[in-house]
Amino acid sequence: MMAQENEFMYQDASIFPVKEYSGLVEGACIAIHDVTELAEAKRLLDLSLDQAIDLEESSQRDALTGIYNRRYFDEQITQEILIARRHNRPLALAMIDVDHFKIVNDTHGHSAGDQVLKALAGKLNGMLRGYDSLCRYGGEEFGLILPQISLEHAGGLLERLRKAVASMELQTPDGAKIAVTISVGVAPLRDGMTPGSMVKVADDLLFQSKREGRDRVSCMGV
């Protein structure tokens, strides 16, 4: 029986009085039921739910950097646009790209490139609000979803992030020092924008930053 396979036996106990014909209580009756099988089934169900949650969480994370991945980004930007419109709240999207990343890979190797991406993700994530979503969009490009923030404040935040990245000092295992900068495009949610068009606007602004010399933040309408 299952009760014999478990370290503990789970019991459900009920206590009720035993009365004489006159109504006086002359004792008590205790009924004990073995509910080990039910308790074990609940434990296994809880374990399965925890494992499902862990699996879902891991499927939303980038294996290298530990931040959210492209799949999560696509789902979250759609959700945040719906919420922003429903509650008439501002929303901003920043697309971020590492400058001259190919040179890092070609000069120092892909392991150094991976080190740059992990350090960058950690630096950016540590400076964000709890409800912001930093995602690895692909390669050396990141998407940053910023709910409840105006374009002006989003631009200020990204400028602080840009400066923080530029001040990073990275050193490869062979002792080489790597300087890292980022180019950024920031777009606010506007009427008629879809998730795809919002990404395109932010991406176009990102490439504007690249054209104008890199290591800069370009905002829509600024």
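The values are calculated or read from the model by the stated rules, or taken from the named source; none is laboratory data. Everything quoted here is computed from the prediction, not taken from an experiment. Heads up, the Cβs are rebuilt from the backbone with ideal geometry, glycines too, and the neighbour counts pull from every protein chain shown. Side chains are part of the model used for accessible areas, which takes the heavy atoms of the whole protein and leaves out ligands, DNA and RNA. Shrake-Rupley method; radii C 1.70, N 1.55, O 1.52, S 1.80 Å.
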**OP:** Name the helices (complete DSSP H segments) of the chain with a Cα length along the long axis of 15 Å or more and a Kyte-Doolittle mean of at least -1.0, or state none.
**Re:** 36-59, 110-125, 151-166, 195-211
Subject >> Accessible-area value, HIS110, 1.4 Å probe, nucleic acids and ligands omitted, Å² >> reply: 130 Å²
Subject >> Restricting the range 131-187 to GluC sites (Glu not before Pro) in coil, as DSSP defines it, with at most 10 other Cβ within 10 Å >> reply: GLU169
Subject >> Taking the convex hull of Cα positions in the range 151-205, its mean projected area over all directions (nm²) >> reply: 5.0 nm²
Original post:
Of THR36, THR65, THR181, which has the largest mean-square fluctuation in a 10 Å C-alpha GNM of the chain?
Top reply: THR36
**OP:** Treating only the Cβ atoms of Lys and Arg (+1) and Asp and Glu (-1) as charged, compute the dipole magnitude of the range 123-222 about its Cα centre; round to the nearest 20 debye.
**Re:** 120 debye
Original post:
Rounded to two decimals, what is Rg over Rh for the range 89-169 when you use alpha-carbon atoms and the Kirkwood radius?
Top reply: 1.00
Original post:
Compactness ratio of the chain: Cα Rg over 2.2 N^0.38 Å, N = residue count?
Top reply: 1.64
Original post:
Roughly how many Å is it from the Cα centre of the range 173-222 to that of the range 57-81, as a whole number?
Top reply: 19 Å
Original post:
Among MET9, MET95, MET127, what's the order by accessible area (1.4 angstrom probe), most exposed first?
Top reply: MET9, MET127, MET95
**OP:** Measure off, as a whole percent, the carbon and sulfur share of the 1.4 Å-probe accessible area of the chain, all protein chains present.
**Re:** 53 percent
Original post:
For the chain, modelled as a Gaussian network with Cα springs under 10 Å, which listed residue fluctuates most, GLY122, GLY185, GLY130?
Top reply: GLY130
Subject >> Cut-off 11 Å (backbone N to label point 7 Å along Cα→Cβ of ILE15), residues of the range 23-48 >> reply: 28-31
**OP:** Taking a cut-off of 28 Å between Cα atoms, list the lysines near LYS177, but don't count ones fewer than 8 places away on the same chain.
**Re:** LYS102, LYS118, LYS123, LYS163, LYS210
**OP:** Please calculate how many Å² of accessible area the range 84-201 carries per residue, with a 1.4 Å probe and no DNA, RNA or ligand atoms counted.
**Re:** 47 Å²
Original post:
Hey, how much of the P(r) for the range 105-213 falls beyond 19 Å, as a percent of Cα pairs?
Top reply: 49 percent
Original post:
How far, in nm, would the chain grow between ALA164 and ALA31 when pulled straight, counting 0.36 nm per residue and subtracting the alpha carbon separation?
Top reply: 41.1 nm
**OP:** Could you give the size of the charge dipole of the chain about its Cα centre, using +1 on the Cβ of each K and R and -1 on the Cβ of each D and E, expressed in debye and rounded to the nearest 20?
**Re:** 1480 debye
Original post:
Working out 0.36 nm times the residue gap between LYS42 and LEU24, then minus their Cα-Cα distance, what length gain in nm do you get to one decimal?
Top reply: 2.4 nm
